[in-house]
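Please read the structure below before turning to the comments.
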Protein chains: 2
Amino acid sequence: MARFAVLGAGRVGAVVAADLAREHEVLVVDARPEALERAQEAAPGRIATRRLQVGAPGVLESLADEADVLVGALASRVAHESLRRLLGRGARVIDVSFMAEDALALDGLARETGAVAWVDFGVAPGMSHLLAAHAAAGLERAERVEILVGGLPREPRPPFRYKAGFAPADVLEEYLRPARVVERGRVVERPALAERELVDFEGLGALEAALTDGLRSLVHAPLAPEMVEKTLRWPGHYELMLALREAGFLSAEPLDLGGGRAVRPLELAARLLEEAWSFAPGEEDLTVMRITVEGRRGGRSLRLVHEVLVGQDRERATTSMARATATPCALAARRLAEERDPEPGVHPPEELAALPGFVEWLLAEHERRGIRYRLREEQLG
Amino acid sequence: MARFAVLGAGRVGAVVAADLAREHEVLVVDARPEALERAQEAAPGRIATRRLQVGAPGVLESLADEADVLVGALASRVAHESLRRLLGRGARVIDVSFMAEDALALDGLARETGAVAWVDFGVAPGMSHLLAAHAAAGLERAERVEILVGGLPREPRPPFRYKAGFAPADVLEEYLRPARVVERGRVVERPALAERELVDFEGLGALEAALTDGLRSLVHAPLAPEMVEKTLRWPGHYELMLALREAGFLSAEPLDLGGGRAVRPLELAARLLEEAWSFAPGEEDLTVMRITVEGRRGGRSLRLVHEVLVGQDRERATTSMARATATPCALAARRLAEERDPEPGVHPPEELAALPGFVEWLLAEHERRGIRYRLREEQLG
């Protein structure tokens, strides 16, 4: 039995804690009493909670000494600094926080102290990168990697046909920031939401895929000379968002409305979409992902496709987004606790595909939890 | 030869002046020297101009004494007050200004002074109401009137597939204000843009029609127990605008953005659409109108359909909107100048359908100017 500390009792952190608490000691830390209460309710009697500000002096250092593995599921504004402090203390960390900063920049610090961080360990980034690397490693030569992933409402209700499991501002940021793709081995930028296409998914029908900047760490260590990441939405969503973007409704430039009043249209849009994009009571979400790796093996051209469709856990009232993200995180935390001598440093998921038996075990454990990643192999040409 | 004074040298006023100047003395009044210059260029040597503020004391009164007929083609903020002053002076006026106030409220004043105003005398309102009344008068019993009308760009360019010949704020107002329709002889309100449908137009294909509040004066004196007015747009436009409306981007309620900053989304939208909806250089516009009147005559059910499609006058670089609006106005001004004893008061176009020979003459004069209203008659049932 290992000791885990989960930092942040948000939607993802609470599910990670409940998962780990099946066999382990779990302490959940958050400054919000109501969040701690919700986390405890998810696994009554098996989760300890402590009301703490992770930013307060000594808090993280003392938690690092106490736990075998810490799980970072924090708000973006505190995530990077918290990780830095944990790594400075030599801790073992699984991180799934959304952070604008590059966690890999802390690699040197981690190596100095002997700390280990497996970062971006959710569904995408997370399983996306791990499975892409796993498939690529199974080929003699990987030629192309494509990651398609989206969090969606189960029902596409007009006008937006979209609901967001997190802040609209973060989604809008993805619709604006240029997407980095790999072409002939070189990183190039494309406008966000370019190269739209309809893609069929069994049981769902057509979704629309468009370029977003989701390759992240893969951009720096390409698995293949051609790599793209696209975000999936119900058809109709992108057309509307592109209309808004084109007309200036998503502009971050202050617009003068006269009388010395200026407003950033993007700020207003993020505010209005908070309501338009919030899930209605009882409205379910869905996570869809397809990772395609093409290449050659044994003189043949092959396509390896990993695909997953995660619904809501109605029994536990857990959203698909939280399940899909928390599950790999909780599993990786177990594995890191068991590692006798893990390599110090900050590691993105694709680096961990080589850990013996790791991917197979992750997929089997996902399946035990009702999340079934399917693999198919197609001959090409 | 009559003497006309055209108040306002905007896009419509300049075309009215040029039309009248073919046979008459025309004085154009505006406070903007560049607008006066443009108006003069439209008919060099045949138009006198005077730089005046119509709001300045005595200006309108003196013009009323000087001209046989005055044409109001003014900005909405000064239009109503100007009309009031002209009627107070006993003038004869054709008005085509866009005004939020009800011009018919000045009817009592006009009757007192013996003044005459034919108001709303553009294409719609204007020809729309006149032709509907004319068709209805040709039936023993009118049962249904439908006015479909739209100003459009000739090419439907995404995302909005729309360009505005005037201020976006006025267009947005039409997309928000409930539409009054007549049902079983009673006036009822419907949400703006409700009852959308695709309607085919020869040479154009399908346009989308949706309810707007365009019946105006016809609401108070219905021609038939069933009456609607719908605005025409290229398909796709309304869906986008309804998405904006539904998500709050067209709300007139101030929204708090924090830090004591509040903004009306509608104000921002109107500002952004000024650019998104402005015609590009060389981009042409189009005016489409279909007036359908159904009823009975000689024991039979009939449908009378007036239809017009007005393109740009490329030779004179006159927009379709300006031609379609200015032509009926200039023609009505001629007719009012010729009337020996016109009925005092404020008259909407539908009241003038009964003037002997007027409608036939209007249609013939439109045709001489390249604007062809076509009439077709269909047997029903």
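The values are calculated or read from the model by the stated rules, or taken from the named source; none is laboratory data. Source: prediction; values computed, not measured. Here the Cβ is made from the backbone with ideal geometry for all residues, glycine too, and neighbour counts use every protein chain on show. Just the protein is used for accessible areas: all its heavy atoms, side chains included, with ligands, DNA and RNA removed. Shrake-Rupley method; radii C 1.70, N 1.55, O 1.52, S 1.80 Å.
Observations
- Within region B:227-251, considering residues that are among the charged types (D, E, K, R) and without any contact (Cβ under 8 Å) to a residue 12 or more places away in the chain, the one surrounded by the fewest Cβ atoms within 10 Å (Cβ to Cβ): B:E246
- When A:Q379 is tested against (1) open to solvent by 40 Å² or more (accessible area, probe 1.4 Å); (2) not in a strand (DSSP E or B), exactly one condition is not met: (2).
- You will find that of A:E239, A:E189, A:E208, A:E229, the residue that is farther than 15 Å from A:M289 by Cα, of a type in the set (D, E, K, R) and modelled with pLDDT of 95 or more is A:E189 and no other.
- Residue match in region B:149-163 (condition: over 23 Å from B:D285 (Cβ atoms) and surrounded by 21 or more Cβ atoms within 10 Å (Cβ to Cβ)): no
- Conditions (1) more than 16 Å from the chain's Cα centre (by Cα); (2) open to solvent by less than 10 Å² (accessible area, probe 1.4 Å); number of the one not met by B:P348: (1)
- Matching residues, region A:193-215, being β-branched (V, I, T) and open to solvent by 10 Å² or more (accessible area, probe 1.4 Å): A:V199
- Restricting attention to region B:289-323, the residues that are open to solvent by less than 20 Å² (accessible area, probe 1.4 Å) and out of contact with any helix residue (DSSP H, G or I) (no Cβ under 8 Å at 6 or more places or on another chain) add up to 5.
- A:L272 within 7 Å of chain B (Cβ to nearest Cβ), without any contact (Cβ under 8 Å) to a residue 12 or more places away in the chain and closer than 19 Å to A:P153 by Cβ: yes
- Looking at A:D30, A:D102, A:D65, just one residue is acidic (D, E), free of Cβ contacts under 8 Å to residues at least 60 places away in the same chain and buried (at least 17 other Cβ atoms within 10 Å of the Cβ), and that residue is A:D30.
- Number of positions in region B:276-321 that are within 14 Å of chain A (Cβ to nearest Cβ) and either of a type in the set (V, I, T) or in contact with a Pro (Cβ under 6 Å, 6 or more places away or on another chain) (or both): 1
- Being closer than 12 Å to B:A333 by Cα and open to solvent by 60 Å² or more (accessible area, probe 1.4 Å) holds for only one residue in B:R92, B:R3, and it is B:R3.
- Taking the numbered list (1) in contact (Cβ under 8 Å) with a residue 40 or more places away in the chain; (2) open to solvent by 10 Å² or more (accessible area, probe 1.4 Å); (3) under 30 Å from A:A269 (Cβ atoms) in turn, A:E143 passes all entries but (3).
- Cβ-Cβ contacts under 6 Å between residues 6 or more apart (or on different chains), taken from a first residue in region A:252-267 that is facing chain B (nearest Cβ under 7 Å) and surrounded by 13 or more Cβ atoms within 10 Å (Cβ to Cβ) to a second residue that is assigned to a loop (DSSP other than H, G, I, E, B) and small (G, A, S), are listed as A:P265/A:G248; A:P265/A:S251.
- A:A169 meets each of the listed conditions (1) touching a strand residue (DSSP E or B) at 6+ places or on another chain (Cβ under 9 Å); (2) open to solvent by less than 70 Å² (accessible area, probe 1.4 Å); (3) on the phi < 0 side of the Ramachandran plot apart from (1).
- Of the strands (runs of 3 or more DSSP E) lying entirely inside region B:131-195, those containing at least 3 residues that are in contact with a Ser or Thr (Cβ under 6 Å, 6 or more places away or on another chain) and under 28 Å from B:L375 (Cα atoms) are B:141-153.
- Region A:79-89, residues that are over 26 Å from A:E338 (Cβ atoms) and surrounded by fewer than 19 Cβ atoms within 10 Å (Cβ to Cβ): A:E81
- In region A:142-153, the count of residues that are basic (K, R) and closer than 27 Å to A:G311 by Cβ is zero.
- Set side by side, the residues B:L336, B:L362 differ, and just one is touching an Asp or Glu at 6+ places or on another chain (Cβ under 9 Å), within 20 Å of B:A2 (Cβ to Cβ) and buried (at least 19 other Cβ atoms within 10 Å of the Cβ), which is B:L336.
- Failed criterion for A:E41 (all others in (1) free of Cβ contacts under 8 Å to residues at least 24 places away in the same chain; (2) within 24 Å of A:I371 (Cα to Cα); (3) assigned to a strand (DSSP E or B) hold): (3)
- Being out of contact with any strand residue (DSSP E or B) (no Cβ under 7 Å at 6 or more places or on another chain) and without any contact (Cβ under 8 Å) to a residue 40 or more places away in the chain is a property that A:R186 has.
- Among all residues of region A:226-243, there is none that is under 12 Å from B:L268 (Cα atoms) and within 13 Å of another protein chain (Cβ to nearest Cβ).
- Candidates A:A276, A:A270, A:A326 - the one that is closer than 23 Å to A:A91 by Cβ and surrounded by 15 or more Cβ atoms within 10 Å (Cβ to Cβ): A:A326
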